[in-house]
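Take a look at the structure set out below.
The values are calculated or read from the model by the stated rules, or taken from the named source; none is laboratory data. Everything quoted here is computed from the prediction, not taken from an experiment. When we count neighbours, we look across all protein chains shown, and the Cβ atoms used for this are built from the backbone with ideal geometry, even at glycine.
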Amino acid sequence: MAPSSPAPGHGYVADKQKVAARLKRIEGQVRAITRMIEDDAYCIDVLTQISASDKALKSVALLLLDDHLNHCVRTAVTQGGVVADDKLREAEDAIARLVRS
């Protein structure tokens, strides 16, 4: 059973422009890494840039998770029942995926 959306919009609506800007910056970083490989850059320099991109993506993920918890999960908890259970389970799964990555 797919979790239902407890409230209109997504939790990141207020941060949408900030998230999009960060992702565009990360996209540029990844393109730069590709160019580094094409230009035979030093391995450690490439790995450093990959690490920076990974950190940046995790930062966006944490922002989205925070927004999800404070909007979608909070709203579902006030509704209670199956909706709350589904959203809490969904949040637990997302946190577990982030911790494993």
**Prompt:** Do we have any residue at all in region 42-49 that's touching a residue at least 24 places away in the same chain (Cβ under 8 Å) and either in contact with a helix residue (DSSP H, G or I) (Cβ under 6 Å, 6 or more places away or on another chain) or in a loop (DSSP other than H, G, I, E, B) (or both)?
**Reply:** no
**Asked** Within region 16-52, how many residues are β-branched (Val, Ile, Thr) and closer than 18 Å to Asp67 by Cβ?
**Response** 2
**Prompt:** If you check Asp54 against the conditions, is it in a helix (DSSP H, G or I), without any contact (Cβ under 8 Å) to a residue 12 or more places away in the chain, of a type outside the set (Val, Ile, Thr) and on the phi < 0 side of the Ramachandran plot?
**Reply:** yes
**Asked** Of all residues in region 67-101 being acidic (Asp, Glu) and in contact (Cβ under 8 Å) with a residue 40 or more places away in the chain, which is nearest to Gly11 (Cα to Cα)?
**Response** Asp67
**Message:** Considering only region 7-15, I want to know if a residue exists there that is modelled with pLDDT of 95 or more and in a loop (DSSP other than H, G, I, E, B).
**Reply:** no
**Request:** Please find, within region 10-55, the residue that is nearest to Ala91 (Cα to Cα) out of those that are surrounded by 12 or more Cβ atoms within 10 Å (Cβ to Cβ) and among the basic types (Lys, Arg).
**Result:** Lys16
**Request:** For region 87-101, enumerate the residues that are exposed (fewer than 10 other Cβ atoms within 10 Å of the Cβ) and touching a Leu at 6+ places or on another chain (Cβ under 8 Å).
**Result:** none
**Message:** Need pairs with beta-carbon distance below 9 Å; first residue touching a residue at least 12 places away in the same chain (Cβ under 8 Å) and within region 19-34, second not in a helix (DSSP H, G or I); sequence gap 6+ or separate chains.
**Reply:** Val19/Tyr12; Ile33/Ala41
**Request:** Pick out the one residue from Lys87, Lys18 that is basic (Lys, Arg), assigned to a helix (DSSP H, G or I) and out of contact with any helix residue (DSSP H, G or I) (no Cβ under 7 Å at 6 or more places or on another chain).
**Result:** Lys18
